[in-house]
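S.K.: There's a structure below that I have some questions on.
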Amino acid sequence: MKQPIQLTVNGQVQEVLVEPRKTLLAVLRDQLQLTGTKEGCSTGDCGACTVLLDGKPVTSCLVLAVQAQGREVATVEGVANGTLHPIQKAMIDLLGFQCGFCTPGFIMSSVALLNRNPNPKEDEIRAALAGNLCRCTGYTKIVEAVKKAAREVRQQKGRKARKKQTRAA
């Protein structure tokens, strides 16, 4: 029997009817038409379906949609806010992808990392991306892209802080 749930997806409140056994991944793709989140393994091993749930990366194939009731979900479609997020731009600039199937998951894991740590060391980057698998690349370009994005995130935060100081003066 379907039940109504309400969740905020990419900043917009969504109300959907879901079967209790439906995954968040299925609801995002099939009901909300947010197909950037990919279904890879369906067992939580590949990370292609990574989204942010209340700011934390989760494999949406392992989260029941009913568990997202009243919570915030961010998908790859919501990362760009008028302009590309630094990780999206860096992935393009440094060719941190080949077939691109795993890229949304890597982007979401990277966004979560950069939100909590805008100055990660390489081992922290690799640890944050450990749940994401790519069968095409050697991960080097992906890690380089996260480093480049981190520099841009820090620069953006510095610019915002300077603007705030200027307005206060």
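The values are calculated or read from the model by the stated rules, or taken from the named source; none is laboratory data. Computed from a prediction, not measured in an experiment: that's the story for all the values here. Positions of Cβ are generated from backbone atoms using ideal geometry, with glycine treated the same way; all protein chains shown enter the neighbour counts. Only protein heavy atoms, including side chains, enter the accessible area calculation; ligands, DNA and RNA are left aside. Shrake-Rupley method; radii C 1.70, N 1.55, O 1.52, S 1.80 Å.
S.K.: Antiparallel DSSP bridges in the chain: what percent, to the nearest 5?
M.R.: Bridges in the chain are about 90 percent antiparallel.
S.K.: Can you tell me the Rg and the Dmax, both Å, for the Cα atoms in the chain?
M.R.: Rg, Dmax (Cα atoms, Å): 16.8, 59.
S.K.: While we're looking at this one, here's another question. Taking only Cα atoms of the range 29-102, what ratio of Rg to Rh do you get with Rh as the Kirkwood inverse-distance radius?
M.R.: 0.97
S.K.: With runs of 4+ DSSP H residues as the only contributors, calculate the mean residue ellipticity of the chain at 222 nm using -39,500 (n - 2.57) per run, divided by the residue total and rounded to the nearest 500.
M.R.: The helix-only estimate for the chain comes to -11000 deg cm²/dmol at 222 nm.
S.K.: Note down the nm distance, to one decimal, between modelled labels 7 Å out along Cα→Cβ at N115 and at K56.
M.R.: 1.2 nm
S.K.: Continuing with the same structure: Taking only C-alpha pairs under 8 Å that are 6+ residues apart, what is the relative contact order of the chain in percent?
M.R.: The normalised contact order for the chain reaches 22 percent.
S.K.: Moving to a separate point now. With r as the distance between the Cβ atoms of T35 and R162 and R0 = 35 Å, compute the FRET efficiency 1/(1 + (r/R0)^6) and round to 0.05.
M.R.: Working from the Cβ atoms, E equals 0.35.
S.K.: Could I ask something else about it? Taking all protein chains as present, what is the carbon and sulfur share of the accessible area of the chain, in % to the nearest whole number, probe 1.4 Å?
M.R.: 51 percent
S.K.: Further question: Take a quick pass over the chain and tell me how many lysine pairs come in under 15 angstrom between Cα atoms, counting only ones 8 or more apart or on separate chains.
M.R.: Close lysine pairs found across the chain: 7.
S.K.: Next up: If R₀ is 30 angstrom, what is the calculated FRET efficiency for the pair R151 and E77, using the beta carbon separation as r and rounding to 0.05?
M.R.: 0.75
S.K.: Roughly how many debye, to the nearest 20, is the charge dipole of the range 45-169 about its Cα centre, given +1 on each Lys and Arg Cβ, -1 on each Asp and Glu Cβ, and no other charges?
M.R.: Dipole magnitude for the range 45-169 comes out near 840 debye.
S.K.: Taking the solvent-accessible surface of protein heavy atoms with a 1.4 Å probe, what is the per residue accessible area of the chain in Å²?
M.R.: 56 Å²
S.K.: Mind grabbing the base-10 log of I(q)/I(0) for the range 77-140 at q = 0.14, 0.21, 0.23 Å⁻¹? Debye formula, identical points on the C-alpha positions, no solvent, two decimal places.
M.R.: -0.38, -0.89, -1.08
S.K.: Would you mind getting me the FRET efficiency between Q98 and R21? Use the beta-carbon distance for r and R0 = 41 Å, nearest 0.05.
M.R.: E(calc), rounded to 0.05, equals 0.75.
S.K.: Mind jotting down the distance between the C-alpha centroids of the range 11-42 and the range 45-67, whole Å?
M.R.: One Cα centre to the other: 10 Å.
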